[in-house]
Amino acid sequence: MRERLEQLKHEALEELKSVLDAKRLDELRVKYQGKKGKLTEILRGMGGLSAEERPVIGQLANEVRDAIDAAVTTHAERFEREETERRLASETIDVTLPGRKLPRGAVHPLMQVIQEIEEIFIGMGYQIAEGPEVETDYHNFEALNLPKDHPARDMQDSFYITEELLLRTHTSPVQVRTMQRMDGEVPIKVICPGKVYRRDDDDATHSFQFHQIEGLVIGKNIRMSDLKGTLLTFIQKLFGEDAQIRMRPSFFPFTEPSAEVDVMYKKKGATEPSWLEILGCGMVHPRVLEMSGYDPEQYSGFAFGMGAERIAMLKYGIDDIRHFYNNDERFLKQFARQ
Ligand code: PHE
(Lines give C-alpha, C1' and ligand atoms only; values in the text may rest on other atoms or scores of the structure.)
Protein backbone atom coordinates (compact mmCIF):
# COMPACT_ATOMS: atom_id res chain seq x y z
CA MET A 1 0.00 0.00 0.00
CA ARG A 2 2.87 2.30 0.82
CA GLU A 3 4.30 1.66 -2.58
CA ARG A 4 1.02 2.33 -4.30
CA LEU A 5 0.78 5.65 -2.52
CA GLU A 6 4.35 6.63 -3.45
CA GLN A 7 3.67 5.54 -6.98
CA LEU A 8 0.45 7.58 -7.10
CA LYS A 9 2.22 10.67 -5.83
CA HIS A 10 4.94 10.32 -8.41
CA GLU A 11 2.49 9.72 -11.22
CA ALA A 12 0.25 12.63 -10.23
CA LEU A 13 3.07 15.14 -9.88
CA GLU A 14 4.57 14.08 -13.21
CA GLU A 15 1.27 14.44 -14.96
CA LEU A 16 0.62 17.80 -13.34
CA LYS A 17 3.98 19.11 -14.52
CA SER A 18 2.89 19.02 -18.11
CA VAL A 19 -0.59 20.53 -17.60
CA LEU A 20 -1.24 23.45 -19.94
CA ASP A 21 -4.63 24.85 -19.12
CA ALA A 22 -7.20 25.22 -16.36
CA LYS A 23 -9.56 22.69 -17.86
CA ARG A 24 -6.99 19.92 -17.93
CA LEU A 25 -5.91 20.85 -14.41
CA ASP A 26 -9.42 20.34 -13.19
CA GLU A 27 -9.64 16.96 -14.90
CA LEU A 28 -6.46 15.84 -13.17
CA ARG A 29 -7.68 17.10 -9.84
CA VAL A 30 -10.80 14.96 -10.21
CA LYS A 31 -8.78 12.04 -11.45
CA TYR A 32 -6.64 11.97 -8.29
CA GLN A 33 -8.56 13.74 -5.58
CA GLY A 34 -12.19 13.35 -6.64
CA LYS A 35 -14.75 11.08 -4.98
CA LYS A 36 -13.99 8.37 -7.44
CA GLY A 37 -10.34 9.42 -7.75
CA LYS A 38 -7.30 7.25 -7.39
CA LEU A 39 -6.32 8.42 -3.93
CA THR A 40 -9.79 7.80 -2.57
CA GLU A 41 -9.69 4.36 -4.12
CA ILE A 42 -6.46 3.47 -2.33
CA LEU A 43 -7.68 4.88 0.96
CA ARG A 44 -10.71 2.69 0.77
CA GLY A 45 -8.41 -0.27 1.20
CA MET A 46 -7.18 1.02 4.56
CA GLY A 47 -9.78 -0.99 6.44
CA GLY A 48 -7.74 -4.11 5.79
CA LEU A 49 -4.60 -2.76 7.48
CA SER A 50 -3.36 -3.78 10.88
CA ALA A 51 -3.66 -1.40 13.82
CA GLU A 52 0.10 -0.60 13.69
CA GLU A 53 0.14 0.06 10.00
CA ARG A 54 -2.96 2.22 9.85
CA PRO A 55 -1.55 5.47 11.38
CA VAL A 56 1.65 5.20 9.36
CA ILE A 57 -0.18 4.71 6.09
CA GLY A 58 -2.73 7.34 7.10
CA GLN A 59 0.01 9.89 7.59
CA LEU A 60 1.58 9.02 4.28
CA ALA A 61 -1.79 9.32 2.54
CA ASN A 62 -2.17 12.81 4.03
CA GLU A 63 1.24 13.78 2.74
CA VAL A 64 0.40 12.52 -0.72
CA ARG A 65 -2.88 14.43 -0.69
CA ASP A 66 -1.16 17.62 0.48
CA ALA A 67 1.53 17.31 -2.16
CA ILE A 68 -1.05 16.92 -4.93
CA ASP A 69 -3.11 19.79 -3.46
CA ALA A 70 -0.10 22.04 -3.41
CA ALA A 71 0.76 21.24 -7.02
CA VAL A 72 -2.82 21.86 -8.14
CA THR A 73 -2.96 25.19 -6.29
CA THR A 74 0.34 26.36 -7.73
CA HIS A 75 -0.86 25.65 -11.24
CA ALA A 76 -4.28 27.19 -10.65
CA GLU A 77 -2.67 30.39 -9.40
CA ARG A 78 -0.36 30.46 -12.39
CA PHE A 79 -3.27 30.07 -14.83
CA GLU A 80 -5.18 32.84 -13.09
CA ARG A 81 -2.19 35.17 -13.21
CA GLU A 82 -1.63 34.41 -16.87
CA GLU A 83 -5.29 35.05 -17.62
CA THR A 84 -5.18 38.42 -15.89
CA GLU A 85 -2.02 39.35 -17.76
CA ARG A 86 -3.59 38.32 -21.05
CA ARG A 87 -6.66 40.47 -20.34
CA LEU A 88 -4.59 43.45 -19.24
CA ALA A 89 -2.58 43.21 -22.42
CA SER A 90 -5.57 42.89 -24.74
CA GLU A 91 -8.04 45.25 -23.10
CA THR A 92 -6.92 48.84 -23.13
CA ILE A 93 -8.78 51.78 -21.68
CA ASP A 94 -8.71 55.10 -23.45
CA VAL A 95 -8.57 57.48 -20.53
CA THR A 96 -8.87 60.46 -22.85
CA LEU A 97 -12.44 59.54 -23.89
CA PRO A 98 -14.96 62.08 -22.62
CA GLY A 99 -17.15 60.80 -19.77
CA ARG A 100 -20.87 60.26 -19.94
CA LYS A 101 -22.69 63.37 -18.77
CA LEU A 102 -25.11 62.85 -15.90
CA PRO A 103 -28.06 65.22 -15.83
CA ARG A 104 -27.64 67.53 -12.86
CA GLY A 105 -30.52 68.42 -10.58
CA ALA A 106 -31.15 71.93 -9.33
CA VAL A 107 -32.70 73.50 -6.28
CA HIS A 108 -36.43 74.14 -6.75
CA PRO A 109 -37.12 77.87 -7.35
CA LEU A 110 -39.34 78.03 -4.29
CA MET A 111 -36.63 76.53 -2.11
CA GLN A 112 -34.13 78.99 -3.61
CA VAL A 113 -36.30 81.89 -2.50
CA ILE A 114 -36.82 80.40 0.96
CA GLN A 115 -33.07 79.82 1.32
CA GLU A 116 -32.32 83.35 0.18
CA ILE A 117 -34.76 84.78 2.74
CA GLU A 118 -33.29 82.54 5.46
CA GLU A 119 -29.81 83.77 4.63
CA ILE A 120 -30.84 87.43 4.81
CA PHE A 121 -32.30 86.93 8.28
CA ILE A 122 -29.44 84.75 9.49
CA GLY A 123 -27.20 87.67 8.47
CA MET A 124 -29.25 89.85 10.84
CA GLY A 125 -28.73 87.44 13.74
CA TYR A 126 -31.91 85.37 13.48
CA GLN A 127 -32.17 81.65 14.11
CA ILE A 128 -34.35 79.18 12.25
CA ALA A 129 -37.18 77.50 14.12
CA GLU A 130 -39.53 74.80 12.93
CA GLY A 131 -42.78 73.28 14.08
CA PRO A 132 -45.15 70.46 13.13
CA GLU A 133 -47.53 70.66 10.18
CA VAL A 134 -50.17 68.73 12.11
CA GLU A 135 -50.85 71.24 14.83
CA THR A 136 -53.06 71.52 17.88
CA ASP A 137 -56.00 73.89 17.88
CA TYR A 138 -54.33 75.52 20.88
CA HIS A 139 -51.09 76.44 19.07
CA ASN A 140 -52.70 77.30 15.75
CA PHE A 141 -55.51 79.46 17.15
CA GLU A 142 -56.14 79.63 20.87
CA ALA A 143 -52.68 80.78 22.01
CA LEU A 144 -52.73 83.34 19.18
CA ASN A 145 -55.72 85.05 20.74
CA LEU A 146 -58.25 83.25 18.57
CA PRO A 147 -60.63 81.55 20.99
CA LYS A 148 -62.96 78.85 19.68
CA ASP A 149 -65.85 81.14 18.71
CA HIS A 150 -63.68 83.93 17.31
CA PRO A 151 -65.03 85.12 13.93
CA ALA A 152 -61.50 85.65 12.60
CA ARG A 153 -61.05 81.87 12.49
CA ASP A 154 -63.11 82.03 9.32
CA MET A 155 -60.33 84.04 7.69
CA GLN A 156 -58.43 80.78 7.40
CA ASP A 157 -60.55 77.82 6.40
CA SER A 158 -58.93 74.83 7.97
CA PHE A 159 -58.46 71.11 7.47
CA TYR A 160 -59.41 69.57 10.80
CA ILE A 161 -58.25 66.07 11.67
CA THR A 162 -60.00 65.85 15.03
CA GLU A 163 -61.67 68.52 17.17
CA GLU A 164 -58.27 69.42 18.60
CA LEU A 165 -55.91 68.68 15.69
CA LEU A 166 -55.63 70.33 12.29
CA LEU A 167 -53.18 71.02 9.48
CA ARG A 168 -51.67 74.34 10.49
CA THR A 169 -53.19 77.25 8.57
CA HIS A 170 -50.15 79.50 9.06
CA THR A 171 -46.66 79.38 10.55
CA SER A 172 -47.69 81.56 13.50
CA PRO A 173 -48.05 78.53 15.84
CA VAL A 174 -44.25 78.30 15.65
CA GLN A 175 -44.21 81.70 17.44
CA VAL A 176 -46.10 80.08 20.29
CA ARG A 177 -43.87 76.99 20.32
CA THR A 178 -40.74 79.15 20.32
CA MET A 179 -41.94 81.24 23.26
CA GLN A 180 -42.87 78.09 25.17
CA ARG A 181 -39.46 76.59 24.45
CA MET A 182 -37.59 79.77 25.46
CA ASP A 183 -39.54 79.72 28.71
CA GLY A 184 -39.39 83.43 29.49
CA GLU A 185 -35.84 83.97 28.19
CA VAL A 186 -34.99 86.86 25.85
CA PRO A 187 -34.00 87.83 23.25
CA ILE A 188 -35.95 85.74 20.76
CA LYS A 189 -35.06 86.29 17.10
CA VAL A 190 -36.35 83.54 14.85
CA ILE A 191 -37.72 82.94 11.43
CA CYS A 192 -39.88 79.89 10.79
CA PRO A 193 -40.26 78.61 7.24
CA GLY A 194 -42.71 75.83 6.48
CA LYS A 195 -45.75 74.40 4.75
CA VAL A 196 -49.25 75.57 5.62
CA TYR A 197 -52.68 74.37 4.53
CA ARG A 198 -56.00 76.06 3.81
CA ARG A 199 -59.27 74.89 2.36
CA ASP A 200 -59.05 76.88 -0.84
CA ASP A 201 -59.94 75.91 -4.36
CA ASP A 202 -56.72 75.85 -6.36
CA ASP A 203 -56.40 78.54 -9.03
CA ALA A 204 -53.66 80.82 -10.38
CA THR A 205 -53.14 82.53 -7.02
CA HIS A 206 -54.48 80.00 -4.49
CA SER A 207 -53.27 76.60 -3.41
CA PHE A 208 -54.56 74.37 -0.61
CA GLN A 209 -50.93 73.95 0.42
CA PHE A 210 -48.32 76.68 0.31
CA HIS A 211 -45.29 77.96 2.20
CA GLN A 212 -44.96 80.74 4.71
CA ILE A 213 -42.05 82.33 6.48
CA GLU A 214 -42.78 83.69 9.92
CA GLY A 215 -40.63 86.09 11.90
CA LEU A 216 -40.67 86.71 15.66
CA VAL A 217 -38.59 89.04 17.80
CA ILE A 218 -39.14 89.39 21.55
CA GLY A 219 -37.06 91.46 23.94
CA LYS A 220 -37.05 94.64 25.95
CA ASN A 221 -38.15 97.91 24.29
CA ILE A 222 -38.87 96.38 20.90
CA ARG A 223 -40.89 98.97 18.98
CA MET A 224 -42.86 99.34 15.79
CA SER A 225 -39.95 101.34 14.32
CA ASP A 226 -37.71 98.27 14.82
CA LEU A 227 -40.22 96.24 12.84
CA LYS A 228 -40.31 98.78 10.04
CA GLY A 229 -36.52 99.09 9.89
CA THR A 230 -36.09 95.30 9.87
CA LEU A 231 -38.61 94.84 7.05
CA LEU A 232 -37.12 97.66 4.97
CA THR A 233 -33.63 96.16 5.29
CA PHE A 234 -34.98 92.73 4.39
CA ILE A 235 -36.98 93.95 1.37
CA GLN A 236 -34.04 95.93 0.01
CA LYS A 237 -31.77 92.90 0.29
CA LEU A 238 -34.34 90.78 -1.51
CA PHE A 239 -35.65 93.18 -4.16
CA GLY A 240 -32.77 95.63 -4.53
CA GLU A 241 -31.42 98.72 -2.81
CA ASP A 242 -34.06 101.12 -4.14
CA ALA A 243 -37.08 99.04 -3.19
CA GLN A 244 -39.58 101.07 -1.14
CA ILE A 245 -42.14 99.79 1.36
CA ARG A 246 -45.29 101.20 2.89
CA MET A 247 -47.33 99.99 5.84
CA ARG A 248 -51.12 99.97 5.84
CA PRO A 249 -53.17 99.46 9.00
CA SER A 250 -54.69 96.01 9.14
CA PHE A 251 -56.01 93.44 11.60
CA PHE A 252 -54.67 90.19 12.99
CA PRO A 253 -55.93 88.86 16.32
CA PHE A 254 -52.37 88.09 17.48
CA THR A 255 -50.80 91.50 16.77
CA GLU A 256 -51.74 94.99 17.93
CA PRO A 257 -51.28 97.24 16.08
CA SER A 258 -51.25 95.24 12.86
CA ALA A 259 -50.16 96.24 9.39
CA GLU A 260 -49.88 95.01 5.89
CA VAL A 261 -46.72 95.80 3.98
CA ASP A 262 -46.57 96.69 0.30
CA VAL A 263 -43.47 96.89 -1.79
CA MET A 264 -43.06 99.29 -4.74
CA TYR A 265 -41.87 96.99 -7.42
CA LYS A 266 -41.87 96.70 -11.16
CA LYS A 267 -43.14 93.24 -11.90
CA LYS A 268 -41.43 91.42 -14.73
CA GLY A 269 -43.26 92.42 -17.90
CA ALA A 270 -44.93 95.48 -16.32
CA THR A 271 -44.18 98.96 -17.66
CA GLU A 272 -44.64 100.83 -14.37
CA PRO A 273 -43.78 99.84 -10.80
CA SER A 274 -46.74 99.53 -8.44
CA TRP A 275 -47.51 98.81 -4.78
CA LEU A 276 -47.78 95.08 -4.23
CA GLU A 277 -48.88 93.49 -0.98
CA ILE A 278 -46.17 91.27 0.38
CA LEU A 279 -46.66 90.45 4.07
CA GLY A 280 -48.64 90.85 7.28
CA CYS A 281 -47.08 92.01 10.52
CA GLY A 282 -47.55 93.79 13.82
CA MET A 283 -46.57 94.13 17.46
CA VAL A 284 -47.15 90.89 19.34
CA HIS A 285 -50.46 91.18 21.20
CA PRO A 286 -50.05 91.44 25.01
CA ARG A 287 -52.45 88.51 25.45
CA VAL A 288 -50.27 86.35 23.18
CA LEU A 289 -47.15 87.23 25.17
CA GLU A 290 -48.92 86.50 28.41
CA MET A 291 -50.35 83.15 27.35
CA SER A 292 -46.86 81.89 26.44
CA GLY A 293 -45.21 83.11 29.63
CA TYR A 294 -43.89 86.59 28.77
CA ASP A 295 -44.95 89.52 30.95
CA PRO A 296 -46.24 92.22 28.55
CA GLU A 297 -45.27 94.90 31.12
CA GLN A 298 -41.64 93.87 30.73
CA TYR A 299 -41.33 92.55 27.22
CA SER A 300 -42.54 93.47 23.79
CA GLY A 301 -41.99 92.13 20.32
CA PHE A 302 -42.95 92.07 16.68
CA ALA A 303 -44.00 89.37 14.28
CA PHE A 304 -44.45 89.08 10.56
CA GLY A 305 -45.56 86.42 8.12
CA MET A 306 -45.22 86.13 4.38
CA GLY A 307 -46.13 83.70 1.65
CA ALA A 308 -43.04 82.26 -0.04
CA GLU A 309 -44.82 81.50 -3.33
CA ARG A 310 -46.12 85.05 -3.54
CA ILE A 311 -42.64 86.49 -3.06
CA ALA A 312 -41.14 84.12 -5.62
CA MET A 313 -43.92 85.03 -8.06
CA LEU A 314 -43.22 88.75 -7.68
CA LYS A 315 -39.47 88.35 -7.84
CA TYR A 316 -39.46 86.16 -10.93
CA GLY A 317 -42.63 87.35 -12.67
CA ILE A 318 -44.36 83.95 -12.36
CA ASP A 319 -48.06 84.27 -13.14
CA ASP A 320 -49.48 80.99 -11.81
CA ILE A 321 -48.80 79.43 -8.40
CA ARG A 322 -49.45 75.96 -9.84
CA HIS A 323 -46.17 76.14 -11.76
CA PHE A 324 -44.38 75.48 -8.47
CA TYR A 325 -46.06 72.12 -7.96
CA ASN A 326 -46.42 70.67 -11.46
CA ASN A 327 -42.72 69.84 -11.76
CA ASP A 328 -42.63 70.71 -15.43
CA GLU A 329 -38.94 70.61 -16.31
CA ARG A 330 -39.32 73.45 -18.80
CA PHE A 331 -40.34 75.67 -15.89
CA LEU A 332 -37.85 74.34 -13.34
CA LYS A 333 -34.85 74.49 -15.67
CA GLN A 334 -35.13 78.27 -16.00
CA PHE A 335 -34.16 78.59 -12.36
CA ALA A 336 -31.24 76.15 -12.32
CA ARG A 337 -28.17 77.92 -11.00
CA GLN A 338 -25.23 76.08 -12.53
N1 PHE B 1 -50.28 84.48 10.19
C2 PHE B 1 -50.75 85.57 9.36
C3 PHE B 1 -51.43 84.95 8.10
O4 PHE B 1 -51.18 83.83 7.79
C5 PHE B 1 -49.62 86.47 8.95
C6 PHE B 1 -49.02 87.19 10.09
C7 PHE B 1 -47.95 86.66 10.79
C8 PHE B 1 -49.50 88.44 10.48
C9 PHE B 1 -47.39 87.35 11.86
C10 PHE B 1 -48.96 89.12 11.53
C11 PHE B 1 -47.90 88.59 12.21
O12 PHE B 1 -52.19 85.62 7.47
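Key figures for this structure:
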read-out	value
Residues (within 15 Å of the ligand (Cβ to nearest atom) and either of a type in the set (S, T, N, Q) or not assigned by TED's automatic domain parsing to the domain that holds Asp319 (or both)) located in region 239-256	Ser250, Thr255
Pairs where the first residue, in region 156-178, is farther than 22 Å from Asp201 by Cα and at pLDDT 95 or above and the second is assigned to a loop (DSSP other than H, G, I, E, B) and near the ligand (Cβ under 10 Å from one of its atoms), C-beta under 8 Å, 6+ apart	Ser172/Phe254; Gln175/Phe254
Failed criterion for Met224 (all others in (1) in contact with a Lys or Arg (Cβ under 9 Å, 6 or more places away or on another chain); (2) within 13 Å of the ligand (Cβ to nearest atom); (3) of a type in the set (A, V, I, L, M, F, W, C) hold)	(1)
Conditions (1) within 27 Å of Arg246 (Cβ to Cβ); (2) surrounded by 14 or more Cβ atoms within 10 Å (Cβ to Cβ); (3) within 24 Å of the chain's Cα centre (by Cα); number of the one not met by Met111	(1)
Residues of region 160-198 classified as part of a loop (DSSP other than H, G, I, E, B) and away from the ligand (no atom under 15 Å from the Cβ), total	9
Top-ranked residue of region 291-320 - restricted to ones that are within 30 Å of Gly269 (Cα to Cα) and part of a strand (DSSP E or B), ranked as nearest to the chain's Cα centre (by Cα)	Gly307
Subset of region 18-54 (residues that are among the charged types (D, E, K, R), loosely packed, with under 13 Cβ neighbours inside 10 Å and touching a residue at least 40 places away in the same chain (Cβ under 8 Å))	Asp21
Residue in region 130-146 that is surrounded by 14 or more Cβ atoms within 10 Å (Cβ to Cβ), within 20 Å of Ile278 (Cβ to Cβ) and over 20 Å from the mean Cα position of the chain (by Cα) present	no
Unique match (being within 16 Å of the ligand (Cβ to nearest atom) and farther than 23 Å from His150 by Cα) among Ala308, Ala303, Ala312	Ala308
Among the residues listed as Asp149, Asp137, Asp226, Asp203, the single one being more than 22 Å from Glu256 (Cα to Cα) and not aliphatic (A, V, I, L, M)	Asp203
Region 257-293, residues that are touching a residue at least 12 places away in the same chain (Cβ under 8 Å), more than 16 Å from the ligand (Cβ to nearest atom) and among the hydroxyl-bearing types (Ser, Thr, Tyr)	Tyr265
Condition check for Thr233: free of Cβ contacts under 8 Å to residues at least 24 places away in the same chain, β-branched (Val, Ile, Thr) and assigned by TED's automatic domain parsing to the domain that holds Ile191	no
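The values are calculated or read from the model by the stated rules, or taken from the named source; none is laboratory data. Note that the structure is a prediction, hence the values are computed from the model and not measured. Note: ideal-geometry Cβ built from the backbone for every residue, glycine included; neighbour counts use all protein chains shown.
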